[in-house]
Each structure stands twice: as C-alpha cells, then as structure tokens.
Amino acid sequence: MNDPRTSGRRGVLTGAALLSLLAPTTACTAFGGYDVPDSVCGRPIAPEVLAPLLPEGENLKERHRSADEDASMCTLSVDGDAALVVEEWRDQEPRDMLEREKDKDPAGDPARSDVQGDSVISDGTFHSMNPCPARGEKSNHTLTLYLRGAGTAGKRDELEAFAAAYLPEGLKAMGCTE
C-alpha cells in the first residue's frame, strides 16, 4: 500500500482532503500559544491542514468580512500580523487562471496545480476557478489564498493541501454545490 506522504503531490492533496473530512469538527489543535481552529471563514477544516500555514505565536484571531452574499473574505492573524488571507467570489466570468497569475506576478513562479478546477499555485499564493452550476451555466467561483509574513517561502505543498481541503467546503458555502 502506498503511503500518501511518499506518493507525490497528488497523494499529499488527496490525503489532506480525506483528513479534513475525517477529522472531528469540534476539536482544536494546540500550536504555540494558541489553538488552531477547526474552521476557517465558517468552513470546517482539519486543524492539521491549517497549522502548517500558521506561524508560532500567542494569539490567533480571525476577521471575517463579506461584501455581500457573492463574496467572502477573511484574514487569520497571529499576534496582530496577517498570516493567511482567504477570498472567495461567486458569479465570476471565466478566465485562464495561469495566464492571469503570470501577468500579475511572474516572479512568484506560477504553475498549474493538481487541486480541482483551473487552479494555480505560486510562491505564497493559490488561485482557483471552478464552475458554480447552481448559480447558472456561466457562473464561476474563485478562491484566492495568500500567505503573509516571514516563513511563507517553500510552503506550496502545504498551501495546496489546505486548498484541496477548503475548496469543496467553500463551493458548498457559496451556494455552488449541494
């Protein structure tokens, strides 16, 4: 039997997604001086998938703001410094996410991701576009994740694992799937 940790990127993403589904939704994991929550932006997520993206510190806070029902934005901060920014938009026009990221941030070394949809991973950033069929044939959901602060370099696999676990919950919460 293959160990997902040694089966390449797809194994990491699949293992992380399964872990998020199997993890209890009421537990937190202690990390530094704070507990890693079991939800982000109101979406359930395994603390073990979130923890690698967060720095050590004493105090974790989430600030959730939404422009309207078509958008969700939240920031996780540790000791007052932004660590992870999550943005979701619904009813978006289709676009090529890799071309968008190459134009926007070529220095981030953007590349296609194995996460579902038209997904792109860059240094410290993840973008994904997926159909939102419950909202109409031309509607799309976009997810953007930004890592902030020191120590974000080299976390592409961890960011993709988080995205793979978060995305199905985000699509559901934004009314794109049942």
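Summary of values
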| item | result |
| --- | --- |
| Boolean, residue 30 is at pLDDT below 95 and in a strand (DSSP E or B) | yes |
| Residues (open to solvent by 10 Å² or more (accessible area, probe 1.4 Å) and either free of Cβ contacts under 8 Å to residues at least 24 places away in the same chain or more than 11 Å from the chain's Cα centre (by Cα) (or both)) located in segment 140-155 | 140, 148, 149, 150, 151, 152, 153, 154, 155 |
| Selection status of residue 84, within 13 Å of the chain's Cα centre (by Cα) and modelled with pLDDT under 95 | no |
| Hits in segment 108-126 - residues which are more than 22 Å from residue 148 (Cβ to Cβ) and surrounded by 14 or more Cβ atoms within 10 Å (Cβ to Cβ) | 114, 116, 117, 118 |
| Selection within segment 50-70 - open to solvent by less than 50 Å² (accessible area, probe 1.4 Å), at pLDDT below 90 and part of a strand (DSSP E or B) | none |
| Top-ranked residue of segment 87-115 - restricted to ones that are among the aliphatic types (A, V, I, L, M) and at pLDDT below 95, ranked as nearest to residue 158 (Cα to Cα) | 111 |
| Residue, most open to solvent (accessible area, probe 1.4 Å), within segment 90-107, restricted to residues that are touching a strand residue (DSSP E or B) at 6+ places or on another chain (Cβ under 6 Å) and closer than 14 Å to residue 118 by Cβ | 94 |
| Failed item in (1) open to solvent by 70 Å² or more (accessible area, probe 1.4 Å); (2) on the phi < 0 side of the Ramachandran plot, with residue 79 passing the rest | (2) |
| The listed residue being in a helix (DSSP H, G or I), over 29 Å from residue 78 (Cα atoms) and of a type in the set (Gly, Ala, Ser), out of 134, 165, 107 | 134 |
| Flag if residue 178 is surrounded by fewer than 20 Cβ atoms within 10 Å (Cβ to Cβ) and over 14 Å from the mean Cα position of the chain (by Cα) | yes |
| Selected residue [more than 14 Å from the chain's Cα centre (by Cα) and not in a loop (DSSP other than H, G, I, E, B)] from 90, 95 | 90 |
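Each row is one residue, and each column tells you yes or no for (1) touching a Leu at 6+ places or on another chain (Cβ under 8 Å); (2) free of Cβ contacts under 8 Å to residues at least 24 places away in the same chain.
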| site | (1), (2) |
| --- | --- |
| 78 | yes, no |
| 86 | yes, no |
| 91 | no, no |
| 98 | no, yes |
| 109 | no, yes |
| 120 | yes, yes |
| 167 | yes, no |
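The values are calculated or read from the model by the stated rules, or taken from the named source; none is laboratory data. Since the model is a prediction, treat every value here as computed from it, not as a measurement. In this analysis, Cβ positions are derived from the backbone assuming ideal geometry, glycine residues included, and neighbour counts consider all displayed protein chains. What goes into the accessible areas is simple: the full protein's heavy atoms, side chains included, and nothing from ligands, DNA or RNA. Shrake-Rupley method; radii C 1.70, N 1.55, O 1.52, S 1.80 Å.
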